[in-house]
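Asker: What follows is a structure written as structure tokens; I'll ask about it next.
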Amino acid sequence: MTGPLKGRALATDGTQSSGVVGNHHARVGEIWYFALPVPDNVSSRPIEITDVAVERVPRGVKVLGYSAYHMDDTEGLPLLSKEGDPTAPDFDSLKDYAKAPLKVAARTSSDVYYQVKVKITAPPEKNLRYCRFAYRQGGLHYVQTLDCEADFRVGGKGKRDG
């Protein structure tokens with residue numbers, strides 16, 4: 001049995017693939033939500049996303065889980081949110097679309113986005129980077145990694161990774 005094929009169905013040039021989000025005043029113990037790139041199916045066939053993950057998680061950051069939310073429920077796309085911030089969505093009260101494969105029609109950008117929930121456990125040594133999407137298309141399994149990056153610094157100090 002072979003592994004998944006290298007995917008090309010997702011757009012690689014979205015807003016989230018061209019910059020870095022972050023917070024330079026994070027504190028150890030805080031919990032943050034970082035939005036992965038919005039799935040934009042540029043292919044001529046539908047896909048079903050079955051899994052997502054951040055590929056590079058540095059020491060000092062612990063992944064607590066992944067979830068998916070509809071943009072209407074979160075009043076847009078919050079790229080980075082701190083738990084407990086009064087302006088952040090109450091993710092715990094919203095429907096989590098990651099509990100089942102997410103279908104994205106051909107040539108369509110999804111209204112549902114994925115995010116990773118992380119806890120700062122120590123000053124991060126590097127940035128979180130690279131978002132991996134696993135999906136099915138036409139009965140085959142694919143994996144595609146998109147560029148994404150989150151930079152957390154504790155108290156405005158720490159090493160920077162570009």
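The values are calculated or read from the model by the stated rules, or taken from the named source; none is laboratory data. Model, not experiment: these values are computed from the prediction. All Cβ positions, glycine included, derive from the backbone under ideal geometry; neighbour counts span all protein chains shown. The accessibility values were calculated without ligands, DNA or RNA, using every heavy atom of the protein model including side chains. Shrake-Rupley method; radii C 1.70, N 1.55, O 1.52, S 1.80 Å.
Asker: Mind checking which pairs have a first residue in segment 134-154 that is over 11 Å from Asp51 (Cα atoms) and a second that is among the acidic types (Asp, Glu) and surrounded by 19 or more Cβ atoms within 10 Å (Cβ to Cβ), Cβ under 7 Å, 6 or more apart or different chains?
Answerer: none
Asker: Got a number for residues in segment 107-135 being closer than 19 Å to Ser43 by Cβ and outside any strand (DSSP E or B)?
Answerer: Of the residues in segment 107-135, 3 are closer than 19 Å to Ser43 by Cβ and outside any strand (DSSP E or B).
Asker: Now a separate question. Please work out if Glu125 is without any contact (Cβ under 8 Å) to a residue 24 or more places away in the chain, touching a Pro at 6+ places or on another chain (Cβ under 8 Å) and open to solvent by 60 Å² or more (accessible area, probe 1.4 Å). Break it down stepwise before answering.
Answerer: Values: without any contact (Cβ under 8 Å) to a residue 24 or more places away in the chain: no; touching a Pro at 6+ places or on another chain (Cβ under 8 Å): yes; open to solvent by 60 Å² or more (accessible area, probe 1.4 Å): yes.
In short, no.
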